[in-house]
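This report refers to the structure that appears directly beneath it.
The values are calculated or read from the model by the stated rules, or taken from the named source; none is laboratory data. For clarity, every value in this text was computed on a predicted model and none was experimentally measured. Positions of Cβ are backbone-derived with ideal geometry, glycine not excepted, and every protein chain shown enters the neighbour counts. Note: accessible area is taken over every heavy atom of the protein model, side chains too, but ligands, DNA and RNA are not part of it. Shrake-Rupley method; radii C 1.70, N 1.55, O 1.52, S 1.80 Å.
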Amino acid sequence: MKSDALNQALASLPAVDRVLTSEAAAPLAAEFGRLALTDAVRAALDDMRHAIRQGGAVDPTPEVVARFAARRLADAARPSLRAVHNLTGTVLHTNLGRAALPPEAIAAVVAVASGASNLEYDLETGRRGDRDAHIEGQLAHITGAEAATLVNNNAAAVLLTLNTLGAGEGVAVSRGELVEIGGAFRIPDVMARAGCRLVEVGTTNRTHEKDFREALDNGARMVMKVHTSNYVIEGFTAAVPEPRLAALARDHAVPFVNDLGSGTLVDLERYGLPHEPTPMDALAAGANVVTFSGDKLLGGPQAGIIAGHRDLVERIKRNPMKRALRCDKMTIAALSAVLRLYADPDRLPERLPTLRWLTRPLAEINQIAGTVLPALEAALGPAWRIAIIDAESQIGSGALPTRTVPSRALAVSPAMETGMQSLEALSARLRRLPQPVIGRLHDGRLLLDFRCLDDSGAFVANLAELEPAP
Ligand SMILES: *Cc1c(COP(=O)(O)O)cnc(C)c1O
């Protein structure tokens, strides 16, 4: 553009005030406030000046400026943390917030979040109470433990338990269980931060009773077992049965702690799923203390549960670190509501989203895929081929890492050989939807697994907002 024409185009843009007093701006001022609107109009005008200098043509009316400003305001008002559609096929996806809460838990959160509660107040005596009291009875009843306490997550539960029962002492752990859980949680590092000395026992694939006895005879003051949540060791292996570990620990008068990781509170086999160790199993097998997550297979809020012998749990609760790791009232309310659902295991798969999705009939998932297929074809256009395929869902969060559950997915691939680049661009467009859609790239296709989709109507409506292909 010649400089005369350029200056003319720049000068044709309306002044900030003219946009602010335009009819198009009035509803924006009412919704977002005058200050935010003024900033957005300035920014929109800057963008338009930039576009003109790049040789673009813009329509210099107050209405168009207001429209650009409106888009900026809407973007800025949208929360960073928001709901997405998890179509990855991984039910408990750590990066996508793990377990979804049942309506009962959400109602319980709302009830305590919107006002005062008896969080640490004993309604019986009118005196100061204990926040653990709200869940301890339920946890004891379900797990068979004498006592229980709650912290922020299972990593905190492990840290607090180790620090209370093993600080300054040697803690014996099998070499086959020195695990790293995603997000830089490594047993040896946590052990060090808890002030314990790690006593590695046995070898990676085989650990024997005599190895543990030797460690205890040499002064280790705690025995720890860690559930190898995210891998399995196969082949020539040996591990010491839990009752034997428990007997060894008892003989040496030291605590035996079992970190279960996921720790489901029901036997999953009754729902046709593979067995995962429960806190009840671990306590019955002789563990003095067990630790597990609230938001893995349990299906509740993020929390770490410590359950076991009363004297040990009381010591753990008296550790000053407990105060730094304690849970919020919303977490306690949600967990308590979820635990109430466990009173009726028969109805649990209907009521607890995690279990409902894990046990969802294949025919139902297939039906959702069939409903979504034409809408997705319409949204994507002829550049994409979409087919309903067999897929494998994962439980996720380290539970049962080698077991998958048969599922159905839509597989999206480019109609012509355009390669991975266009597939990634499509994934990015789906992530920019009002409710972002997160699928999984596999074998040159984008897979959308519908195991965790409840409302296909809302999903289809959301698809209508897909931005056009570049
Ligand atoms: C997941 C897991 C943890 C960490 O639990 P968070 O609730 O994520 O903090 C610790 N130990 C094991 C064995 C786990 O599987």
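Quick notes on this structure:
- Whichever residue in region 236-254 is in a loop (DSSP other than H, G, I, E, B) and open to solvent by 70 Å² or more (accessible area, probe 1.4 Å) and, among such residues, is nearest to the ligand (Cβ to nearest atom): ALA239
- Filtered residue count, region 451-465, keeping only those that are outside any helix (DSSP H, G or I), modelled with pLDDT of 95 or more and aliphatic (A, V, I, L, M): 1
Okay, residues lined up against (1) surrounded by 15 or more Cβ atoms within 10 Å (Cβ to Cβ); (2) not assigned by TED's automatic domain parsing to the domain that holds PRO27:
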| residue | (1), (2) |
| --- | --- |
| GLN54 | no, no |
| PRO62 | yes, no |
| ALA111 | no, yes |
| LEU119 | yes, yes |
| GLU136 | yes, yes |
| ILE142 | yes, yes |
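- Residues considered: LEU260, LEU298. Of these, the only one that is free of Cβ contacts under 8 Å to residues at least 40 places away in the same chain and within 16 Å of the ligand (Cβ to nearest atom) is LEU260.
- A single entry from LEU433, LEU400, LEU448 fulfils the requirement of being assigned to a strand (DSSP E or B) and at pLDDT 95 or above: LEU448.
- The residues on offer are ALA249, ALA220, ALA184, and the sole one that is within 33 Å of the chain's Cα centre (by Cα) and not charged (D, E, K, R) is ALA184.
- Residue within region 256-264 that is on the phi < 0 side of the Ramachandran plot, modelled with pLDDT of 95 or more, open to solvent by less than 20 Å² (accessible area, probe 1.4 Å) and not hydrophobic (A, V, I, L, M, F, W, C) present: yes
- For region 342-372, a residue qualifies if it is outside any helix (DSSP H, G or I) and within 18 Å of GLY272 (Cβ to Cβ), and the qualifying residues are LEU352, THR359, ARG360, PRO361.
- Only residues that are buried (at least 19 other Cβ atoms within 10 Å of the Cβ) and more than 13 Å from the ligand (Cβ to nearest atom) were counted across region 301-316, and they come to 5.
- So VAL91, is it open to solvent by less than 20 Å² (accessible area, probe 1.4 Å) and either out of contact with any Pro (no Cβ under 7 Å at 6 or more places or on another chain) or at negative phi (or both): yes
- Only one entry of VAL257, VAL290, VAL232 meets the criterion of being part of a strand (DSSP E or B) and under 25 Å from the mean Cα position of the chain (by Cα), and that entry is VAL290.
- The number of residues in region 132-156 being in a loop (DSSP other than H, G, I, E, B) and either over 24 Å from the mean Cα position of the chain (by Cα) or within 16 Å of the ligand (Cβ to nearest atom) (or both) comes to 5.
- Among residues of region 182-220 being assigned to a loop (DSSP other than H, G, I, E, B) and under 22 Å from PHE236 (Cβ atoms), the one that is modelled with the lowest pLDDT is THR204.
- Qualifying residue in region 101-112 (condition: hydrophobic (A, V, I, L, M, F, W, C), more than 30 Å from ARG360 (Cβ to Cβ) and in a helix (DSSP H, G or I)): yes
- Qualifying residue in region 157-173 (condition: within 12 Å of the ligand (Cβ to nearest atom), modelled with pLDDT under 95 and under 21 Å from the mean Cα position of the chain (by Cα)): no
Yes or no, residue by residue, for (1) among the acidic types (Asp, Glu); (2) away from the ligand (no atom under 16 Å from the Cβ):
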residue: VAL179; (1), (2): no, no
residue: ALA184; (1), (2): no, no
residue: MET191; (1), (2): no, no
residue: VAL199; (1), (2): no, yes
residue: ASN205; (1), (2): no, yes
residue: HIS208; (1), (2): no, yes
residue: GLU214; (1), (2): yes, yes
residue: MET224; (1), (2): no, no
residue: GLU234; (1), (2): yes, yes
